[in-house]
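Accompanying notes for the structure given below.
The values are calculated or read from the model by the stated rules, or taken from the named source; none is laboratory data. Note that the structure is predicted; figures quoted are calculated from it, not measured. Quick reminder, even Gly has a Cβ in these numbers, built from the backbone with ideal geometry, and neighbours come from all protein chains shown.
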2 protein chains.
Amino acid sequence: MLLYQKIKDDILNNRLPVGRPLRQVELSDRYGVSRIPVRDALLQLKAEGWLVPHGKAGHIIPDLNWQEAEDLYLMRADLEPRLFSYAFEGIQADDIGRAKATLGLLDNARLTLLEKGELNWAFHKILYFPANRPTLYKTVCSLNQQASRYLGFQYGPMNYKDHSQKEHAVLLELIESGDHSSALSLLKKHIQDAGQLLVSHLKSTN
Amino acid sequence: MLLYQKIKDDILNNRLPVGRPLRQVELSDRYGVSRIPVRDALLQLKAEGWLVPHGKAGHIIPDLNWQEAEDLYLMRADLEPRLFSYAFEGIQADDIGRAKATLGLLDNARLTLLEKGELNWAFHKILYFPANRPTLYKTVCSLNQQASRYLGFQYGPMNYKDHSQKEHAVLLELIESGDHSSALSLLKKHIQDAGQLLVSHLKSTN
DNA sequence: AAATATATTTTTGTATACATTTTTAACTGA
DNA sequence: TCAGTTAAAAATGTATACAAAAATATATTT
C-alpha cells in the first residue's frame, strides 16, 4: 500500500490527530520511511483537500463541517446527473451486471470504511464511465473523493446504507427498462437527499 | 518565482515540448535545481492536470482538445452562476470598484499570457468571493486553472478579448443596478458563449 | 505582569548519493 | 524481417546530510 493511501486511510478512520499540525518527521517515524516520500504524500493529499497547510510549517487535517458537505453534494447533484445522462445510451448489459455484483458485495460484508467507500464509488463509476467524457468524469471523481471523508457518518450513526442500497437497485431497474428521464431524476434526488440528510446530521451534532 | 509557477508559465507559453515525456533530470538541469524540488512541482502540476504521468517514468504535457474545453466550460457554466448568485447580495461598492480597476488593467497593457489570465480570473474572483462558500469556490478556481491553458487561443487567434471585456462591463452595471436575475443569466451566457466559441475554434484548427 | 526582544530548538527545503525499477538498445533465433 | 530475450543505460524512489527558515522558549525591559 502506498504511503499516500495509508495516510488517507488513517485520516478516514480518525487515527491521526485533527486539531494539531502534522510534522514531516512525525509521519516519517510513524510510517517508517524518510521524509521524502512523506513530502510526496503530503503534496498529493494537500492538492486533494485531505490536508491543509498550517502557516509555513505543518499540515492540518481539516475539520468536517456541514458547509463543505453542502457544497460537495450541491456540485455532485449538478454534475453527476449530467454525466450519467451522457452515459445512459452507452451502458451495456454487462455494465449492469457488474453494478449488481458491486451492490451485492456492499451488502453482505464486514468491510472497512475505505472498502465500503470504494465499492460505493465503483458502483457509480460503472454508470458514469460509458459517458466517455474524461474531464467531467475526473471532476466528479474528485468531488466524490472529497465527499468520502463524510462516509463515516453515512455508514455509521446516520444508518443511511439500507435506503441508499434500495435506491441503487431501483436505479438499475430504470436503466434496464431504458427509462432515461426517470433514472436521471432519481439519481439527482438520490444525491440531493443524501446531501440534505448529511448536512442536517452534521448541523445537529455540532 | 516558485519552480511550480515557472514550469506552469513555460507550459502555458509552449516553451516545453508537448509530445515527449519530461524527465526529472532534464527539468532539474533546465531550472538549475536538484530533483527534489522538481519532484515537488511535478506532483502539484500532475494533481492539477497540467501534466499527466507517462507510464512509470516521466510526465507529458497533455495536448489541448475540444472535448476537454467543452467539459470545462460546461462545468463552469453550471457552477459559476450558482456561486455568483450566492455572492450577489454580498458584493459591495468597494468590490465593484476593484473589479473595474482590474478590467482597466486588462485593457491597456503589454501583458504576458499568464498576467492576462491572472487579471481575468481576478475579476471573476471579486464577484465570487463574497458568496462565502469556500468549497464551491475552490472547485470553480480549479476549473478556471485548468481552462487557463486555453487562454492562448482566446487572447490570440480567436481575438475574443474585446467582446469579453464589453460583457464584463455590462455585468458590472447589472450588479450595480441590483438586477440579480439579468446579471445571473448574462454570466451564464458569457461562459457558455466563450465555451462554444473556443470549442468550435479548436474543432476547426484540427 | 505584559510586551518586546533575543536565543534556542524545531522544522522545513534542497543537495547529494545510492539501490531499485524502468526504459532503451543490442542481440538472438526463428 | 520480426518477435522475443538479454544486456546496458537511464530514470526513478528514497535515505542521509546540512543550511535556511520558522516556531518555540527564554530572557529583558517597561
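A compact table of results
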| read-out | value |
| --- | --- |
| Single match in A:Glu80, A:Glu89 (criterion: away from DNA strand D (no atom under 16 Å from the Cβ) and surrounded by fewer than 18 Cβ atoms within 10 Å (Cβ to Cβ)) | A:Glu89 |
| Residue selected from segment A:75-94 under the condition more than 15 Å from B:Leu74 (Cβ to Cβ) and over 16 Å from the mean Cα position of the chain (by Cα), by the criterion farthest from the other protein chains (Cβ to nearest Cβ) | A:Ala93 |
| Within segment A:15-46, tally of residues that are touching a residue at least 12 places away in the same chain (Cβ under 8 Å), under 30 Å from A:Gly156 (Cβ atoms), away from chain B (no Cβ under 14 Å) and away from DNA strand C (no atom under 11 Å from the Cβ) | 5 |
| In segment B:47-61, residue nearest to B:Leu198 (Cα to Cα) [restricted to those that are facing another protein chain (nearest Cβ under 10 Å) and in contact (Cβ under 8 Å) with a residue 24 or more places away in the chain] | B:Gly49 |
| Residues satisfying the stated conditions in segment A:134-178, i.e. over 17 Å from A:Glu80 (Cα atoms) and charged (D, E, K, R) | A:Arg149, A:Lys161, A:Asp162, A:Lys166, A:Glu173, A:Glu176 |
| Hits in segment A:32-51 - residues which are surrounded by 21 or more Cβ atoms within 10 Å (Cβ to Cβ) and over 22 Å from the mean Cα position of the chain (by Cα) | A:Val38 |
| All positions within segment B:173-206 that are part of a helix (DSSP H, G or I), loosely packed, with under 15 Cβ neighbours inside 10 Å and β-branched (Val, Ile, Thr) | none |
| Condition broken by B:Val170, with the remaining ones in (1) surrounded by fewer than 16 Cβ atoms within 10 Å (Cβ to Cβ); (2) of a type in the set (A, V, I, L, M); (3) not in a helix (DSSP H, G or I) satisfied | (3) |
| Condition met for B:His54 (more than 23 Å from the chain's Cα centre (by Cα), at pLDDT 95 or above and within 16 Å of DNA strand C (Cβ to nearest atom)) | yes |
| Some residue of segment A:132-140 being within 14 Å of another protein chain (Cβ to nearest Cβ) and outside any helix (DSSP H, G or I) | yes |
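Table: residues versus (1) within 16 Å of DNA strand C (Cβ to nearest atom); (2) of a type outside the set (Asp, Glu); (3) touching an Asp or Glu at 6+ places or on another chain (Cβ under 9 Å).
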position: A:Glu70; (1), (2), (3): no, no, no
position: A:Asp95; (1), (2), (3): no, no, no
position: A:Leu119; (1), (2), (3): no, yes, no
position: A:Arg133; (1), (2), (3): no, yes, yes
